[in-house]
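Scroll down for the structure; my scribbles are underneath it.
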Amino acid sequence: MKKSLIVLTCLAFACGGGETQQTEEKEPEMHSKMEVAKFQKSHEDGEIDFYILKNKNGLEMTVSNFGGRVVELFTPDREGNFADVVLGYESLDDYLNHPNSFFGAPIGRYGNRIANAQFTLDGQTFQLEANNGPNNLHGYPAGYHKEVWEVLESSDQHIKMKLVSPDGHGGFPGELTVVMTYSLSDDNAFKIEYEAETDQPTIVNLTQHSFFNLNGHGEGNVHNHELTLNADHYTPVNEVLIPTGEIAPVEGTPMDFTTPHLVGERIDEDFEQLKIAGGYDHNWVLNHDNYPSGEIKAAKVKVPENGRVMEVFTTQPGVQVYTGNFMDGKSKSKEGKTYGKRSAICLETQHFPDSPNQPEFPSVVLRPGEKYEHSCTYKFSVE
């Protein structure tokens with residue numbers, strides 16, 4: 001097991017009488033409440049283990065290479081009180097027993113929905129498994145959230161993992177090799193970097209599906225989260241949550257977060273798109289003038305009561321905002337807590353849903369000799 005620690009060094013300080021005293025080096029208190037052994041297992045696809053990342057400010061993140069999942073993420077409020085702000089389970093068996101759960105996981109080969117679970121590429125039609133009504137959602141059941149990722153590197157502040165997705169996995173063409181790096185920097189940024197290459201033409205749309213609650217996981221709903229989005233447009237959906245193809249302006253609708261609004265302020269308004277999704281479960285078209293060059297600020301989330309802030313930066317053209325509309329609170333999670341309806345907000349940086357079937361959307365095709373590259377950063381602060 002790789003269990004990473006940051007050791008804080010206390011410098012000499014002036015004491016009474018002009019004497020100088022050296023304090024002992026101490027390990028900072030660990031926030032993680034997990035029993036490490038519950039995440040360790042020999043598996044036919046490789047060893048499953050538990051990794052702890054921590055920066056000099058005390059931010060701490062725990063990761064399992066089963067599904068490449070972020071299990072815990074501790075950040076402070078304005079009073080300096082740390083809380084775990086991501087949803088999840090407290091053992092590997094819990095994740096295995098909830099195969100439909102995407103808590104904390106990278107999503108692939110295609111994040112979001114593909115209409116009628118099929119697409120055509122270079123004149124050939126590929127059939128996927130319908131797992132979300134008539135559609136395919138997140139590549140499940142052959143999703144990357146259920147695979148054992150090979151750990152290539154790990155240190156106190158980063159972990160680099162690899163997954164080889166075989167040709168035909170879940171119906172997708174081509175062997176796809178994905179390398180993903182999680183980093184926790186000293187400026188309180190959790191950065192995700194993806195690279196992917198294929199040996200046949202295929203489609204790729206990777207994203208990260210952490211469920212955030214800046215009150216602390218299991219501490220009520222996210223109606224009190226103030227959201228700002230750098231997006232003047234979004235992609236409306238039909239009754240099965242597939243984009244209609246329209247790029248619609250947000251102005252004058254409850255989809256307008258160009259200025260800050262609480263999530264709960266308009267989520268139950270008499271607006272067709274909110275009724276269809278039971279809340280927010282839509283892709284916003286980012287104001288990304290230089291796409292695909294460089295990260296831009298996509299979103300900001302803030303809880304006014306405790307001061308926690310999360311900013312989201314991405315190289316991608318869109319972000320899916322999901323407010324946990326389908327969560328039912330039936331299964332116990334970390335610390336015995338349950339997660340009811342709207343108890344989290346997800347900000348999944350991505351290409352648009354159903355892009356393989358909508359040629360006017362940015363392309364998701366990857367061909368041999370090309371490299372897929374995508375980064376997303378969640379940066380934490382207080383106000």
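For the pair Glu370 and Lys275 in one chain, pulling the backbone fully straight at 0.36 nm per residue adds 30.1 nm over the alpha carbon distance.
Write down the Å³ per residue value for the convex hull defined by the alpha carbon atoms of segment 246-364. Please list the in-between numbers first.
Details: hull volume 17.8 nm³, N = 119.
With only Cα atoms used, segment 246-364 gives 149 Å³ per residue.
The Asp199 and Asp232 beta-carbon pair, evaluated with R₀ = 51 Å, returns a calculated FRET efficiency of approximately 0.85. As a calculated quantity, the FRET efficiency between Val164 and Glu305 at R0 = 56 Å, using C-beta atoms, amounts to about 0.80.
Check each of the trypsin sites (Lys or Arg not before Pro) in segment 309-383 and keep only those in coil by DSSP with at most 12 other C-beta atoms within 10 angstrom; list them in order. Mind dumping the intermediate values first?
Values: sites: Lys330, Lys332, Lys334, Lys337, Lys341, Arg342, Lys371, Lys379; in loops: Lys330, Lys337, Lys341, Arg342, Lys371.
Sites meeting the loop and neighbour criteria: Lys330, Lys371.
Starting from a Cα-only point model with no solvent, please compute log10 I(q)/I(0) by Debye for segment 119-177 at q = 0.17, 0.22, 0.27 1/Å. Log10 I(q)/I(0), no solvent term: -0.68, -0.92, -1.14.
So if each residue of separation counts as 0.36 nm, and I subtract the Cα-Cα distance between Glu239 and Leu152, what length gain in nm does that give? Can you show the working numbers first?
On the way: separation 87, 0.36 × 87 = 31.32 nm, distance 4.25 nm.
Length gained between Glu239 and Leu152: 27.1 nm.
Placing dummy labels 7 Å off each Cα toward the beta-carbon, the span from Met30 to Asp268 is 4.3 nm. Dipole of segment 105-189 computed with +1 at Lys/Arg Cβ and -1 at Asp/Glu Cβ about the Cα centre; of Pro106, Pro166, Asn131, farthest Cα towards the positive end is Asn131.
For the pair Phe82 and Lys332 in one chain, pulling the backbone fully straight at 0.36 nm per residue adds 87.8 nm over the alpha carbon distance. Here segment 238-297 is assigned +1 on the Cβ of each Lys and Arg and -1 on the Cβ of each Asp and Glu. Its dipole about the Cα centre then comes out at about 180 debye. In terms of packing, defined here as the mean over residues of other Cβ atoms within 10 angstrom, the peptides 52-60, 238-246, 79-87, 120-128 line up highest first as 52-60, 79-87, 238-246, 120-128.
Over every Cα atom in segment 149-295, the radius of gyration and the widest Cα-Cα span, Dmax, amount to 18.8, 50 Å. Computed over segment 82-240, the Cα gyration tensor eigenvalues convert (square root of 5λ each) into semi-axes of 28, 22, 16 Å, ordered from largest to smallest. Take the Cα radius of gyration of segment 107-147 and divide it by 2.2 N^0.38 Å, N being the number of residues; the result is 1.11.
Each Cα pair under 8 Å and six or more residues apart adds its separation to the average, and for the chain the resulting relative contact order is 16 percent.
For Val285, the residues 5 or more places off, or on other chains, whose built amide H falls under 5 Å of its own are His233, Tyr234, Thr235. About the centre of its Cα atoms, segment 202-337 shows a dipole size close to 640 debye [charges on the beta carbon of Lys, Arg (+1) and Asp, Glu (-1) only; nearest 20 debye]. Checking the Cα-Cα distances for Lys160/Lys300; Lys275/Lys300; Lys54/Lys337; Lys297/Lys379; Lys162/Lys334; Lys38/Lys332 against a 20 Å cut-off, the pairs over it are Lys160/Lys300; Lys275/Lys300; Lys54/Lys337; Lys162/Lys334.
Rounded to the nearest 20 Debye, what is the dipole magnitude of segment 68-218 about its Cα centre when Lys and Arg each give +1 and Asp and Glu each give -1 at the C-beta? Walk me through the numbers before you get to the answer.
Values: 8 positive and 21 negative charges, 101 e Å.
The dipole of segment 68-218 has a size of about 480 debye.
Label separation (Val179 vs Lys38): 3.4 nm, computed from points 7 Å beyond Cα along the C-beta direction.
Every read-out reported here was derived from the displayed coordinates using simple, explicitly stated rules and does not represent laboratory data. The structure displayed is predicted, hence computed values, not measured ones. Backbone-built Cβ (ideal geometry, glycine too); neighbour counts: all protein chains shown.
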